[in-house]
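A.B. asks: Pasting a structure here, questions to come.
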Amino acid sequence: MEEKFSELDLKQIKDKGISIDKLKQQFHFFEKGIPKVNLVRSATKDDGIWVLSEEDKQHFIAVFNDRKHLFEIQKFVPASGAASRMFQFLSEFVNEYDYRNETINAYINRKKGSELSVFLIGLKNFPFYLDLKEKTTSIYPEYFTYDRDTKDYFLIKTLLSEKHFDYANKPKGILPFHKKNGKTYSPVEEHLEEALFYKSGNSKPKIHFTISESHLENFKKIVDNYESIEVSFSYQKDHTDTIAVNKDNTPFRKEDGSLIFRPGGHGALIENLDQLEADIVFIKNIDNVSQNHVNEIISYKKILGGILITVQEQIFNYLKI
């Protein structure tokens, strides 16, 4: 394994805290794949799935409400994911569309770009549209003389430009998600508002976000408006990154010859989770937000919490016996 790497490579690997054995495992998985799980049978009612009656639901909600003050509770939200995949089809459009010699409809037909078609139909309904249009018209003074296709092209270009909105490179959590009661909300704000149900007595509800360190200030701008919630952050550990490889399983490199590492998946956050000082942790990915059915969502969170408290009490009683 070491022969694949130069001394500079080995220093870069060491600086990230990654062992050679770990790299060997990554190369092995790239080549051989990960062993599949053998499923025995589908989970069904009373065989892997617990179906609660309405009476059961109310009981566990009451358990949580009555006893949550006895526990340190936190919400854990993996939020470092960038929006690059969300906007990939728009990035391809900006790079490949020739607005001087082609219509957008021709591009859509050529690329079978149904996503772009849907995006343009709904563009004016996005919560960022008015800000995007205002910025685009300030950059391109002749905007209002353009035809519809050219206007759409420059709107999308502004949306993705690193100098302006740069949405494809920002975390999904801080992007405008929807409008509600006349206000634009990001996923982070929705998670913060949902976290209020953890409040017990005079203590603040606690929520922890795992983020990319480079975006800390962007997150702080949002959470600083929620003084009634205690917010903390952590970063994904460098030693959980995965090396990037070519199709022949050789290391992929930057132009300067250095290795490229990509952040690991959510499993890489197990250390961040372990470092939380809490009795009960509710885990919810940054993508899983909804402006609808909030009361129902909170009810099921309480049911889960009530079940957890009940099971823990049973275990402790058995240990005492």
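The values are calculated or read from the model by the stated rules, or taken from the named source; none is laboratory data. If you're wondering where the values come from, they're calculated on a predicted model, not measured in any experiment. Neighbour counts run over all protein chains shown; Cβ positions are idealised from the backbone, glycine included. Ligands, DNA and RNA are stripped out before the accessible areas are found, and what is left, the full protein with its side chains, is counted by its heavy atoms. Shrake-Rupley method; radii C 1.70, N 1.55, O 1.52, S 1.80 Å.
A.B. asks: Mind listing whichever residues of segment 199-227 are out of contact with any helix residue (DSSP H, G or I) (no Cβ under 7 Å at 6 or more places or on another chain), closer than 26 Å to residue 293 by Cβ and modelled with pLDDT under 90?
C.D. replies: Answer for segment 199-227, where residues must be out of contact with any helix residue (DSSP H, G or I) (no Cβ under 7 Å at 6 or more places or on another chain), closer than 26 Å to residue 293 by Cβ and modelled with pLDDT under 90: 199, 204.
A.B. asks: Residue by residue through segment 84-99, note down the ones that are among the polar types (S, T, N, Q) and in contact (Cβ under 8 Å) with a residue 24 or more places away in the chain.
C.D. replies: Kept after step one, since they are among the polar types (S, T, N, Q), are these residues of segment 84-99: 84, 88, 91, 95.
Residues satisfying the conditions are 84, 88, 91.
A.B. asks: So, one more: Given (1) farther than 30 Å from residue 212 by Cα; (2) assigned to a loop (DSSP other than H, G, I, E, B), identify the lone condition not met by residue 69.
C.D. replies: (2)
A.B. asks: Given the conditions (1) among the acidic types (Asp, Glu); (2) in contact with a Lys or Arg (Cβ under 6 Å, 6 or more places away or on another chain); (3) under 25 Å from residue 68 (Cα atoms), which single one is not true for residue 296?
C.D. replies: Status for residue 296: all satisfied but (2).
A.B. asks: Kindly check whether there is at least one residue in segment 35-47 that is in a loop (DSSP other than H, G, I, E, B), open to solvent by less than 50 Å² (accessible area, probe 1.4 Å) and either at pLDDT 90 or above or not aliphatic (A, V, I, L, M) (or both). I'd like the intermediate steps shown before the answer.
C.D. replies: Keep residues of segment 35-47 that are in a loop (DSSP other than H, G, I, E, B), which gives 35-43, 46.
Subsequent filtering for residues that are open to solvent by less than 50 Å² (accessible area, probe 1.4 Å) retains none.
No - not one qualifying residue is present in segment 35-47.
A.B. asks: State the number of residues belonging to segment 96-131 that are over 11 Å from residue 156 (Cβ atoms) and over 24 Å from the mean Cα position of the chain (by Cα).
C.D. replies: Here is the first cut: in segment 96-131, the residues over 11 Å from residue 156 (Cβ atoms) are 96, 98, 100-103, 105-115, 117-118, 121-122, 124-131.
Keeping just the survivors that are over 24 Å from the mean Cα position of the chain (by Cα) gives 96, 98, 100-103, 105-114, 117, 121, 124, 130.
Of the residues in that region, 20 qualify.
A.B. asks: Is it the case that residue 220 is surrounded by fewer than 16 Cβ atoms within 10 Å (Cβ to Cβ), of a type in the set (D, E, K, R) and either more than 20 Å from the chain's Cα centre (by Cα) or part of a strand (DSSP E or B) (or both)? Give the derivation first.
C.D. replies: On the way: surrounded by fewer than 16 Cβ atoms within 10 Å (Cβ to Cβ): yes; of a type in the set (D, E, K, R): yes; either more than 20 Å from the chain's Cα centre (by Cα) or part of a strand (DSSP E or B) (or both): no.
No: the conditions fail for residue 220.
A.B. asks: Sticking with this structure for a sec: Checking the conditions here, which among 64, 60, 29 is among the hydrophobic types (A, V, I, L, M, F, W, C) and open to solvent by 40 Å² or more (accessible area, probe 1.4 Å)? Spell out how you get there, then give the answer.
C.D. replies: On the way: 64 fails: open to solvent by 40 Å² or more (accessible area, probe 1.4 Å); 60 fails: open to solvent by 40 Å² or more (accessible area, probe 1.4 Å).
Checking each option against the conditions leaves just 29.
A.B. asks: Name the residues in segment 232-250 that are more than 22 Å from residue 219 (Cα to Cα), open to solvent by 40 Å² or more (accessible area, probe 1.4 Å) and in contact (Cβ under 8 Å) with a residue 40 or more places away in the chain, would you?
C.D. replies: Keep residues of segment 232-250 that are more than 22 Å from residue 219 (Cα to Cα), which gives 239-250.
Filter once more, so that each one left must be open to solvent by 40 Å² or more (accessible area, probe 1.4 Å): 239, 242, 245-248, 250.
Matches in segment 232-250: 239, 242, 245, 250.
A.B. asks: A further question on this structure: Does any residue in segment 258-278 that is at negative phi come within less than 7 Å, Cβ to Cβ, of a residue that is open to solvent by less than 30 Å² (accessible area, probe 1.4 Å) and of a type in the set (Asp, Glu) six or more places away or on a different chain, and which pairs are these?
C.D. replies: Partner pairs satisfying both residue conditions: 259/9; 261/241; 262/241; 263/241; 264/241.
A.B. asks: Before we move on, is residue 304 free of Cβ contacts under 8 Å to residues at least 12 places away in the same chain, assigned to a helix (DSSP H, G or I) and open to solvent by 100 Å² or more (accessible area, probe 1.4 Å)? Quick ask: steps written out before the conclusion?
C.D. replies: Details: free of Cβ contacts under 8 Å to residues at least 12 places away in the same chain: no; assigned to a helix (DSSP H, G or I): yes; open to solvent by 100 Å² or more (accessible area, probe 1.4 Å): yes.
Spelling it out, it is not the case that residue 304 is free of Cβ contacts under 8 Å to residues at least 12 places away in the same chain, assigned to a helix (DSSP H, G or I) and open to solvent by 100 Å² or more (accessible area, probe 1.4 Å).
A.B. asks: For segment 141-161, state whether one or more residues are closer than 30 Å to residue 299 by Cβ and either open to solvent by 20 Å² or more (accessible area, probe 1.4 Å) or not in a helix (DSSP H, G or I) (or both). If you could, list the steps in order and put the result at the bottom.
C.D. replies: Step one: filter segment 141-161 for residues closer than 30 Å to residue 299 by Cβ, giving none.
Among the residues of segment 141-161, not one is closer than 30 Å to residue 299 by Cβ and either open to solvent by 20 Å² or more (accessible area, probe 1.4 Å) or not in a helix (DSSP H, G or I) (or both), which makes the answer no.
A.B. asks: Considering only residues that are without any contact (Cβ under 8 Å) to a residue 40 or more places away in the chain and under 20 Å from residue 261 (Cβ atoms), which ones fall in segment 23-53?
C.D. replies: Those that are without any contact (Cβ under 8 Å) to a residue 40 or more places away in the chain and under 20 Å from residue 261 (Cβ atoms): 24, 25, 28, 29, 34.
A.B. asks: Related question: So which of 57, 14, 24 is closer than 20 Å to residue 246 by Cβ, of a type in the set (Lys, Arg) and assigned to a helix (DSSP H, G or I)? Lay out the reasoning, then the answer.
C.D. replies: Numbers: 57 fails: closer than 20 Å to residue 246 by Cβ; 14 fails: closer than 20 Å to residue 246 by Cβ.
None of the other options fit; the residue is 24.
A.B. asks: Another one. If you check 258, 200, 214, 186, which single one turns out to be touching a Pro at 6+ places or on another chain (Cβ under 8 Å) and among the small types (Gly, Ala, Ser)? Reasoning before the result, please.
C.D. replies: Numbers: 258 fails: touching a Pro at 6+ places or on another chain (Cβ under 8 Å); 200 fails: touching a Pro at 6+ places or on another chain (Cβ under 8 Å); 214 fails: touching a Pro at 6+ places or on another chain (Cβ under 8 Å).
Result of the check over 258, 200, 214, 186: 186.
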